[in-house]
Every structure is written in structure tokens, then in C-alpha cells.
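See below for the structure under consideration.
The values are calculated or read from the model by the stated rules, or taken from the named source; none is laboratory data. Everything quoted here is computed from the prediction, not taken from an experiment. Positions of Cβ are generated from backbone atoms using ideal geometry, with glycine treated the same way; all protein chains shown enter the neighbour counts.
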Amino acid sequence: MPEGPEIHRAAEKIRKALEGKVIEDIEITLPQFSGREHDFLGKTVNKVEARGKALLIHFDTFVMYSHNQLYGRWTVNLKTTEPRKWNRSLRVALTTDKHTCRLWSATDILLLEPWELSGHPYLAKLGPDVVIEETTIQDLIEHMNQKTYQRRRLKTLLLDQGFFAGIGNYLRSEVLFTSGLHPDRTVSSLSNKEKEKLAEQALFLSRQSFDVPGITINLELYDKLRGIGLSRGHARHWVFTRNDKECYECDSLIIHTRTGGRRLDYCPVCQI
Ligand SMILES: [Zn+2]
């Protein structure tokens, strides 16, 4: 499942193709929206934004909300390019003077009035988004200081989109490593300094992995590892999927566990 940095990168492509542009052609195959084509035609897209794992396309009088769940996928092409032939069904195609953005296979698509956004059950529950630039270390610290999180363990909290939106499975292991925190720690056990480090690393790694797709390790170390022959997949993380290999900081063997049914890897010495 894509994580925050991947979602925001996909949104960036759609934003470049649609924002400020007029919709010249539209195809909607979902029966619940038949007849709604005229809401789009000739209208300008004001803004495209990702919130958690949802994508919002804002028009003057309504917002198209979509959440890709497991199967949904967006593609962006020049409008002259033939759509891809694959085993996904087209849901929506939005065409401007230059591009066509297509949403495939998603089932969670809604046309909302702008005022309905804040009450939408998925959006209302999202915590601060770690990928967007507006989010600060202070925002994350204030959010984690809420009473409801104090007894919970970092390993479960970091996958909760209500805690930090945008952190997914690989970022969970990586942020815990660069923060030096054991996955079983609870929020209430953290010192102020540790909270600051966790917030700083959640922002830093998510943004690096947005800018340099999927790479969470220090970039100099990444180049060095690539230089000695490691593949991109083997060189890009500090601990994630590196179980039974040596920690780059202390040479201990990385431990593999599963929590919430998903992989979590950590260093037993660097993370306390
Ligand atoms: Zn270590």
C-alpha cells in the first residue's frame, strides 16, 4: 500500500496536469454519477491536494474526493495518448487542453460540497500530515501530547493515520531507527528531547522520501552502498527489510518482528 510520500508524489503529477486548467472532456463510468458530467465541463480546477491517502480535486462548487484503497490507481497522460490497456476498470477520466488524468478501479469516490469535507469520516480522523511543508515539529509534539495517545506503543501508533498521517510501513521502521526509539516504547515514556527527535525524524524522512523516491537512508551512505554494488532496493533503508544484516551504526544484527500483521525491523542496540 502506498505511503504518504508516494501519495503526495502522485498528487503532484495530477496537480501539474489539472490545477488552474479547464475540464474540456469528462468520462464517468460510475452509475451514481451519471448526469453529473455537466458539473465538470468547462469548469476550472482550483486546487488538487492529497490528505492522508485521499485525493481532493477542488472546483468552485464541489470537491471530487477519491480514496484508492488497495486497487485504485491514477494515471496522467497527454490527451493524445491512448489509454492503457490493463485489467483495471476506468472510473473517471478528466481531460484538459493538454492532459487526461484517469482514475482506475477505485471504489471510494464522492462528489462533496466544500462544507462537507471537514465532517467526512476519513478526513476528520486524520492527524497532521508529515509530508506537507506546513506541518511543523511543534504541531506533531502537540498532537502526540494528547491524552488519548499516552499509553499507546509507538509501533502501533505510527501506523495510525490519526496519529501522524502519511507514515506507513517502511517509514514506521525507519523513523523509529533514526529516532533511536525501541518500537515498544509508549508516548508517555518519552522525554521532551525524545519527542522532539521523533517529530523531527518523522518530518525529515517523509520529506526526503518524497524528494528522492522511497529512500530513507542517509543519501551519502546510499551512494556509497550503490557504489559497492548494492541494488537500489537493498541500499535504500537503514533497517527495513534488512533483518539479520548488520546495523550501519553499531554492527548488531537487525531484528525482524511483525506487528499488526506487518513487518517491523529494528536495531536492538541503537533503539532503546
Ligand atoms: Zn545499531
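Within the stretch 131-149, how many residues are modelled with pLDDT of 95 or more, of a type in the set (A, V, I, L, M) and touching an Asp or Glu at 6+ places or on another chain (Cβ under 9 Å)? Qualifying residue count for the region: 3. Go through the stretch 89-114 and give me each residue that's over 17 Å from VAL45 (Cα atoms) and not aliphatic (A, V, I, L, M). Those that are over 17 Å from VAL45 (Cα atoms) and not aliphatic (A, V, I, L, M): SER89, ARG91, TRP104, SER105, THR107, ASP108.
Yes/no per residue for (1) out of contact with any Leu (no Cβ under 9 Å at 6 or more places or on another chain); (2) within 16 Å of the ligand (Cβ to nearest atom); (3) farther than 18 Å from GLU3 by Cβ; (4) free of Cβ contacts under 8 Å to residues at least 24 places away in the same chain:
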site: ALA199; (1), (2), (3), (4): no, no, no, no
site: LEU203; (1), (2), (3), (4): no, no, no, no
site: GLY214; (1), (2), (3), (4): yes, no, no, no
site: ARG232; (1), (2), (3), (4): yes, no, no, yes
site: ASN243; (1), (2), (3), (4): no, yes, yes, yes
site: THR257; (1), (2), (3), (4): no, yes, yes, no
site: LEU264; (1), (2), (3), (4): no, yes, no, no
site: VAL269; (1), (2), (3), (4): yes, yes, yes, yes
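Scanning the stretch 124-183 for residues that are under 13 Å from the mean Cα position of the chain (by Cα) and within 23 Å of CYS270 (Cβ to Cβ) yields VAL130, LEU158, LEU159, PHE164, ILE167, GLY168, ASN169, TYR170, LEU171, ARG172. Is there a residue being modelled with pLDDT under 95 and crowded, with 18+ Cβ neighbours inside 10 Å anywhere in the stretch 184-191? Looking for residues that are modelled with pLDDT under 95 and crowded, with 18+ Cβ neighbours inside 10 Å, one finds none in the stretch 184-191, hence no. Restricting attention to the stretch 1-49, the residues being polar (S, T, N, Q) and in contact (Cβ under 8 Å) with a residue 12 or more places away in the chain number 3. So for the stretch 20-30 (the condition being part of a helix (DSSP H, G or I) and over 30 Å from LEU203 (Cα atoms)), does at least one residue qualify? For the stretch 20-30, residues part of a helix (DSSP H, G or I) and over 30 Å from LEU203 (Cα atoms): absent. Screening the stretch 1-50 for residues that are within 15 Å of ALA106 (Cβ to Cβ) and buried (at least 19 other Cβ atoms within 10 Å of the Cβ) and picking the one that is farthest from the chain's Cα centre (by Cα) gives ILE28. Just one of (1) among the basic types (Lys, Arg); (2) away from the ligand (no atom under 16 Å from the Cβ); (3) in contact with a helix residue (DSSP H, G or I) (Cβ under 8 Å, 6 or more places away or on another chain) fails for LYS224. It is (3). Within the stretch 47-59, restricting attention to residues that are at pLDDT 95 or above and not aliphatic (A, V, I, L, M), the residue that is farthest from ILE14 (Cα to Cα) is PHE59.
With respect to (1) out of contact with any Cys (no Cβ under 7 Å at 6 or more places or on another chain); (2) within 16 Å of the ligand (Cβ to nearest atom); (3) among the small types (Gly, Ala, Ser), the lone exception for SER252 is condition (1).
For SER179, indicate whether it is out of contact with any His (no Cβ under 6 Å at 6 or more places or on another chain) and within 16 Å of the ligand (Cβ to nearest atom). Considered against the rule, which asks whether it is out of contact with any His (no Cβ under 6 Å at 6 or more places or on another chain) and within 16 Å of the ligand (Cβ to nearest atom), SER179 comes out as yes.
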